[in-house]
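These notes are about the structure you will find just below.
The values are calculated or read from the model by the stated rules, or taken from the named source; none is laboratory data. Keep in mind it's a predicted model, so treat the numbers as computed, not measured. No Cβ is skipped: glycine too gets one built from the backbone with ideal geometry, and neighbour counts run over all protein chains shown.
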Amino acid sequence: MIRFWDVVERAEKGKIVPEKEWDRMIGEVAAKVVSDYDLKYDPEDPVPSDDSLADRMFEAGVDLFEKTGIYCMDTGKVLEFTRDEIMEALDSAPDKAIYGSGNDIVETPHREVEDSRDPIVNFSPVGTPVTEELFVPVCQSYAQEPMADTFSGPLITTYRGMGVTSGSPVEVEAGIWNVVKLREAARWAGRPTIPIHNFMSVAERTDATIAAARPEFGALPGDGLFVAAVAELKVDYERLKKVAFLIHSPYVIGGLYGPLMGGYGGGPAATAVLLVAHHILGLLAFRAQRHNAFPVHSHHVCNTSRDMRWLVSVAGQALARNTDLVVFANAFMASGPCTEMIVWELAAHSLTSTVSGWHLNPCAVARNRQPLHCSGMEPRIHAEVGHVAARGGITRKEAGRIVKALLDRYEKEIPKAPIGKSFTECYDPVAIRPTDEYIQLWDGSKKILGDLALDFGLMG
């Protein structure tokens, strides 16, 4: 398999391509492989059950990656890979990731399409801005949830009244504070050694990440860190420096990919191809042991629209059927906490992802833009739906029927989705409990979902 240092060398010695030319070329190649492999988005089938479509999607992703490679933004050069190198990397890729240590080990296996095993669920506010004062209570609301296999934290934009500026001394100190407070939240939740799947949400630079990655601050062996690609199929030295550190560390390396539907790649089919290709990037350039996908609609800034449900489903099936990769679907909602719409969005995303071979990583809410609009209740809803779908043996066809019914309830509201309530409005910030209103909303919604064939009695 290609070594990490072979990747670095290719970033130094590859052919020079202007970045604008790269962006244009990505669109052209994506359009060609979509045509070559006859990949067609069907809005009437948001959860496809066509195995041939999934397999063609995988082949298209490999083909696109072979034709493009990876772009290094710092050198302006292209990292090229042969098909043999790509397939060798996929054949030898990890088929499980292990988080935690001691009594808190979470083994995360590769999932299959329509897998009856519970998905592993990583609870996360996914970078929602919060205040320093509420950072720990918000994190505790996630870590204390029984179905949280791991958790991670939100984002602070100021520290001690100063902006957390990339590359500044404040960023280093805020990064250390971030890790300390995450582990403090875990202790308050009564789960002091629960794995933190991404222990750095505040700092961007590698020096700040390395400074904070110490056990005395709370980063424990078996925790994890994400390394994010730049859309589309780009890396830079800041990311590769993180990898150079992580391959010598006790932390799980996660690849993070967010191709933009409606961006350089184009529509749902082309963006799904790019999502598959990004997983190959993560395997080769990041040495990722698990992979996290958050494709986002460039206009709606969510991934719960009809076209995004199809995209996530078919890309997940392509990876589940043709690789042994450990893959997670990250949920991005248009609506906010404690609204009826958030329930239907969460259910549609979780159901689609679970039956399509993904593990679950919920969730960003209110388009991930509204400060303090997040709580542990949203991933609870997402996780319960995923567990029920797996335990109930829900098929893709059944999931498609349910998702279409859910889309009927919220699809037209996406452009003007309600932002919902802030953490202090839908949770008791001292007791760290959801309000009766939020609990009753979910209980009532479960009855409606039950009528659609989701049996919540399977939760025990």
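Could you please find all residues in the range 58-77 being in a helix (DSSP H, G or I) and either touching a His at 6+ places or on another chain (Cβ under 8 Å) or acidic (Asp, Glu) (or both)?
Passing the criteria: 59, 61, 63, 66.
Limited to the range 177-189, what total is found for residues that are surrounded by fewer than 19 Cβ atoms within 10 Å (Cβ to Cβ) and under 26 Å from residue 368 (Cβ atoms)? Step through it out loud before you land on a result.
Looking only at the range 177-189, we keep the residues that are surrounded by fewer than 19 Cβ atoms within 10 Å (Cβ to Cβ), and these are 180, 184, 187-188.
Subset that is under 26 Å from residue 368 (Cβ atoms): 180, 184, 188.
Result for the range 177-189: 3.
Which one is nearest to the chain's Cα centre (by Cα), of the residues in the range 260-311 that are more than 22 Å from residue 53 (Cβ to Cβ) and either part of a helix (DSSP H, G or I) or of a type in the set (Asp, Glu) (or both)?
So the residue we want is 282.
Considering each residue of the range 405-441, count those that are assigned to a helix (DSSP H, G or I) and either acidic (Asp, Glu) or crowded, with 19+ Cβ neighbours inside 10 Å (or both), and give that number.
Within the range 405-441, residues that are assigned to a helix (DSSP H, G or I) and either acidic (Asp, Glu) or crowded, with 19+ Cβ neighbours inside 10 Å (or both) number 14.
If residue 136 satisfies all but one of (1) of a type outside the set (D, E, K, R); (2) crowded, with 18+ Cβ neighbours inside 10 Å; (3) closer than 22 Å to residue 332 by Cβ, what's the number of the condition it fails?
Single failed check for residue 136: (3).
So which of 117, 111 is surrounded by 14 or more Cβ atoms within 10 Å (Cβ to Cβ), assigned to a loop (DSSP other than H, G, I, E, B), at pLDDT 95 or above and among the basic types (Lys, Arg)?
Residue meeting the stated conditions: 111.
Condition check ((1) surrounded by fewer than 18 Cβ atoms within 10 Å (Cβ to Cβ); (2) outside any helix (DSSP H, G or I); (3) within 22 Å of the chain's Cα centre (by Cα); (4) of a type in the set (D, E, K, R)) across all residues:
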position: 191; (1), (2), (3), (4): no, yes, no, yes
position: 200; (1), (2), (3), (4): no, yes, yes, no
position: 207; (1), (2), (3), (4): yes, no, no, yes
position: 221; (1), (2), (3), (4): yes, yes, yes, no
position: 232; (1), (2), (3), (4): no, yes, yes, yes
position: 241; (1), (2), (3), (4): yes, no, yes, yes
position: 244; (1), (2), (3), (4): yes, no, no, no
position: 248; (1), (2), (3), (4): yes, yes, no, no
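Does any residue in the range 270-294 that is at pLDDT 95 or above and of a type in the set (Ser, Thr, Tyr) come within less than 7 Å, Cβ to Cβ, of a residue that is surrounded by 24 or more Cβ atoms within 10 Å (Cβ to Cβ) and not in a loop (DSSP other than H, G, I, E, B) six or more places away or on a different chain, and which pairs are these?
Sorted first by the residue in the range 270-294, then by its partner, the pairs are 271/261; 271/311.
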